[in-house]
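Have a look at the structure below before the remarks.
The values are calculated or read from the model by the stated rules, or taken from the named source; none is laboratory data. Quantities reported herein were computed from a predicted structural model and do not represent experimental measurements. When we count neighbours, we look across all protein chains shown, and the Cβ atoms used for this are built from the backbone with ideal geometry, even at glycine.
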Amino acid sequence: MVVGILKVSMIIPGNSSLKGKRKVVKSLLGRLTSKFNLAAAEVDDNDLWQRAGVGLALVGNDRRFVNSAMDKVLDFVERTADAEIVDSQSEIINIF
């Protein structure tokens, strides 16, 4: 079993409330989970209006597949989110 973990830190420019942030993040998480069949949650910067940290987890049986899927997820976030990515960290764990 291979587990891929991805953390994406984003800035939401022009946002002025937690309600606006919640709308952007919730929309992004919904699109990610339906398109890529992964687990996703807001994991960082919960009380900041213009920053969001999103954690994503993918599970598969092939390291190349998980790595490719994580690249596609990151590209999808860059293209579709109403936020700009400032940092991303990923890790792939093999569990035997």
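Could you pull out the residue among A52, A40 that is surrounded by 14 or more Cβ atoms within 10 Å (Cβ to Cβ) and in contact (Cβ under 8 Å) with a residue 40 or more places away in the chain?
Working: A40 fails: in contact (Cβ under 8 Å) with a residue 40 or more places away in the chain.
Unique residue meeting the criteria: A52.
The conditions are (1) more than 16 Å from D87 (Cα to Cα); (2) at pLDDT below 90; (3) touching a Ser or Thr at 6+ places or on another chain (Cβ under 8 Å), and G14 fails exactly one of them. Which is it?
(3)
Of everything in region 67-87, what is of a type outside the set (S, T, N, Q), under 16 Å from K35 (Cβ atoms) and out of contact with any Asp or Glu (no Cβ under 9 Å at 6 or more places or on another chain)? Give them in sequence order. I'd like the intermediate steps shown before the answer.
Residues of region 67-87 of a type outside the set (S, T, N, Q): 69-79, 81-87.
Keeping just the survivors that are under 16 Å from K35 (Cβ atoms) gives 69-79, 81.
Correct list: A69, M70, D71, K72, V73, L74, D75, F76, V77, R79, A81.
If I ask for residues that are assigned to a helix (DSSP H, G or I), surrounded by 14 or more Cβ atoms within 10 Å (Cβ to Cβ) and not charged (D, E, K, R), which ones from region 1-26 would you list?
G20, V24, V25
Does region 27-36 hold any residues that are free of Cβ contacts under 8 Å to residues at least 12 places away in the same chain, exposed (fewer than 13 other Cβ atoms within 10 Å of the Cβ) and either of a type in the set (S, T, Y) or within 16 Å of M70 (Cβ to Cβ) (or both), and which are they?
Within region 27-36, just S34 meets the criteria.
Being closer than 30 Å to G14 by Cβ, out of contact with any Phe, Trp or Tyr (no Cβ under 9 Å at 6 or more places or on another chain) and either aliphatic (A, V, I, L, M) or buried (at least 18 other Cβ atoms within 10 Å of the Cβ) (or both) is the filter here; which residues of region 55-75 pass it? Let's see the steps before the verdict.
Filtering region 55-75 down to residues closer than 30 Å to G14 by Cβ leaves 55-57, 70-75.
Right, trim to out of contact with any Phe, Trp or Tyr (no Cβ under 9 Å at 6 or more places or on another chain) and you get 55, 57, 70-71, 74-75.
Residues satisfying the conditions are A57, M70, L74.
Would you check if there is a residue in region 41-57 being under 15 Å from the mean Cα position of the chain (by Cα) and part of a helix (DSSP H, G or I)?
Initial filter on region 41-57 (under 15 Å from the mean Cα position of the chain (by Cα)): 41-46, 51-57.
Of the ones still in play, those that are also part of a helix (DSSP H, G or I) are none.
Checked against the condition, which is being under 15 Å from the mean Cα position of the chain (by Cα) and part of a helix (DSSP H, G or I), region 41-57 yields no hits at all.
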